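**Q** Sharing a structure here in structure tokens format.
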Amino acid sequence: MYAVIATGGKQEKVSEGQVIRVERLEGAETGGAVRFTPVLVVNGESVISGQADLAGASVEGEVLGEVKGKKIRGFTYKNKSNQRKRWGHRQKYTEVKITSITAAK
């Protein structure tokens, strides 16, 4: 069984026992539980996808911790005007282990 969840403006395909990185979840503590609302649930042959059908469905996970992504470095300049700017960014992610996927009854 797998489910497609929406978090951080993106969709992610998950299954039980999988460890995923999602954009940083505010207020999520290490070892705490987190619940996602699925967009789609596939259970063998049946596909559940509709607002009414997914009312009882849920995906639960355990927060493993916070990790940092790869460092991104950038540089911009304008020719002949001595304008130079260096910048960097490092995205923070929350690592979550999916513990259970529950389909609607």
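Please treat every number below as a calculation from the coordinates, not as lab data. Note that this is a predicted model, so its numbers are computed, not measured. Glycine also receives a Cβ, built like all others from the backbone with ideal geometry; neighbour counts cover every protein chain displayed.
**Q** Among VAL42, VAL22, VAL59, whose mean-square fluctuation peaks in a Gaussian network model of the chain (Cα, cutoff 10 Å)?
**A** Per the Cα network of the chain with a 10 Å cutoff, VAL42 tops the list.
**Q** What residue among GLU45, GLU29, GLU62 has the largest mean-square fluctuation in a Gaussian network model of the chain, using Cα springs under 10 Å?
**A** So, out of GLU45, GLU29, GLU62, the one fluctuating most is GLU45.
**Q** With label points built 7 Å along Cα→Cβ from the Cα atoms of GLU16 and SER46, find their separation and express it in nm.
**A** 1.6
**Q** Still on this structure, please answer the following. Gaussian network model of the chain, Cα springs within a sub-10 Å range: biggest mean-square fluctuation belongs to which of GLY56, GLY65, GLY27?
**A** So, out of GLY56, GLY65, GLY27, the one fluctuating most is GLY27.
**Q** Return P(r) of the range 2-102 (all Cα-Cα pairs; 10 Å bins starting at 0; whole %; ordered from short to long distances).
**A** Result returned by the calculation: 14, 36, 22, 13, 9, 5, 0.
**Q** For TYR77 and TYR2 in one chain, what is 0.36 nm times their gap in residues minus the Cα-Cα distance, to one decimal in nm?
**A** 22.3 nm
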